[in-house]
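*Asks:* I have a structure here, written as structure tokens, and I will follow up with some questions on it.
The values are calculated or read from the model by the stated rules, or taken from the named source; none is laboratory data. Because the structure is predicted, anything quoted here is derived from the model rather than measured. We place every Cβ from the backbone using ideal geometry, glycine too, and count neighbours over all the protein chains shown. We work out accessible area using only protein heavy atoms, side chains counted, and drop any ligands, DNA or RNA first. Shrake-Rupley method; radii C 1.70, N 1.55, O 1.52, S 1.80 Å.
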Amino acid sequence: MKTTSTGTAARRMSPEERDHSILDGAIGLARESGLESLTVRAVAARVGVTPALVAHYRPGMDTFVADVFGIIVAAERDEVIAAFDDTDFHDADDIRAGLLRLIETLLEADRDDVTLIWVQAWALGARNDALAARVRQEMDGWQSALEQIFARTAATGAIAAGRADTAAWLLLAMVDGMNAHSLVKWAPRDRADLARRALSAVLDSATPDALAAETFATDSRSADARSDDK
């Protein structure tokens, strides 16, 4: 007796859909287990395809890892900066409060998955040129975004004009370092207090008074050096 199947055959994915599914699988795997977990076999198992199919769509694993890294960290940066930009600021106190929320957001424990990805990217980039280039690109992106924020801060008089780049570098280094420390539980438990102290350190180092003191100290050292040369 002839029977007719009522089941629906799985629709064959287009090349674009297949590539997207492989990329999505790799992103999910990296978020769960870090960049070091990204191998052809591991991604294939995650997506439910053969390793050969992954290798066909993503023949260069170094570049693929760099792409996954870039997508994850750029998405976080866009989210954090957009939240800051969507807030109305009227004076220096408003901007300081906004910066504090930004730092608190970056230090949240539920962002440790992205922190692990950053830390592994710095290490793996030493032998993966494509990843190293993408790390530099994404760090430049953060530096540029924070410089724009501190330029707005300078416009309120909270920090000296021309110190936005210094403040951005300091904040970026502090947040990266503190987040990396937190992966091995070497950080204060009160991350909110840590954020306040980090922000104070950055802003205090870039105030007009701090700039004047720094300039005075530099001039004094130069004068002493000239005196010694005589």
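*Asks:* Out of the residues in segment 120-143 that are among the aliphatic types (A, V, I, L, M) and buried (at least 16 other Cβ atoms within 10 Å of the Cβ), which is nearest to Asp176 (Cα to Cα)?
*Replies:* Within segment 120-143, the first condition is being among the aliphatic types (A, V, I, L, M), and the residues that meet it are 121, 123-124, 126, 130-133, 135, 139.
Imposing the further condition that a residue be buried (at least 16 other Cβ atoms within 10 Å of the Cβ) reduces the set to 121, 124, 130-132, 135, 139.
On the way: Ala121: 13, Leu124: 17, Ala130: 21, Leu131: 18, Ala132: 17, Val135: 13, Met139: 11 Å.
Taking the candidates together, the pick is Met139.
*Asks:* Turning to a different aspect of this structure: Of all residues being of a type in the set (D, E, K, R) and modelled with pLDDT under 90 in segment 155-180, which is farthest from the chain's Cα centre (by Cα)? Just the residue, please.
*Replies:* Within segment 155-180, the first condition is being of a type in the set (D, E, K, R), and the residues that meet it are 163, 165, 176.
Subsequent filtering for residues that are modelled with pLDDT under 90 retains 163, 165.
Working: Arg163: 22, Asp165: 17 Å.
Here the residue is Arg163.
*Asks:* Now a separate question. Checking the conditions here, which among Asp88, Asp94 is assigned to a helix (DSSP H, G or I), open to solvent by 20 Å² or more (accessible area, probe 1.4 Å) and not hydroxyl-bearing (Ser, Thr, Tyr)?
*Replies:* Working: Asp88 fails: assigned to a helix (DSSP H, G or I).
Being assigned to a helix (DSSP H, G or I), open to solvent by 20 Å² or more (accessible area, probe 1.4 Å) and not hydroxyl-bearing (Ser, Thr, Tyr) holds for just one of Asp88, Asp94, which is Asp94.
*Asks:* Oh, and also: Kindly evaluate Val49 against the criterion of being over 30 Å from Arg196 (Cα atoms) and out of contact with any His (no Cβ under 7 Å at 6 or more places or on another chain). Full working, then the answer.
*Replies:* Numbers: over 30 Å from Arg196 (Cα atoms): yes; out of contact with any His (no Cβ under 7 Å at 6 or more places or on another chain): yes.
For Val49, the condition - over 30 Å from Arg196 (Cα atoms) and out of contact with any His (no Cβ under 7 Å at 6 or more places or on another chain) - is met.
*Asks:* Turning to a different aspect of this structure: Select from segment 23-48 the residues that are in contact (Cβ under 8 Å) with a residue 40 or more places away in the chain and crowded, with 21+ Cβ neighbours inside 10 Å and write down the one among them that is farthest from Leu116 (Cα to Cα).
*Replies:* Taking segment 23-48 first, the residues in contact (Cβ under 8 Å) with a residue 40 or more places away in the chain are 23, 26-27, 30-32, 34-36.
This time we only want the ones that are crowded, with 21+ Cβ neighbours inside 10 Å, so: 26, 30, 35.
Numbers: Ala26: 15, Ala30: 9, Leu35: 8 Å.
Top of the filtered list is Ala26.
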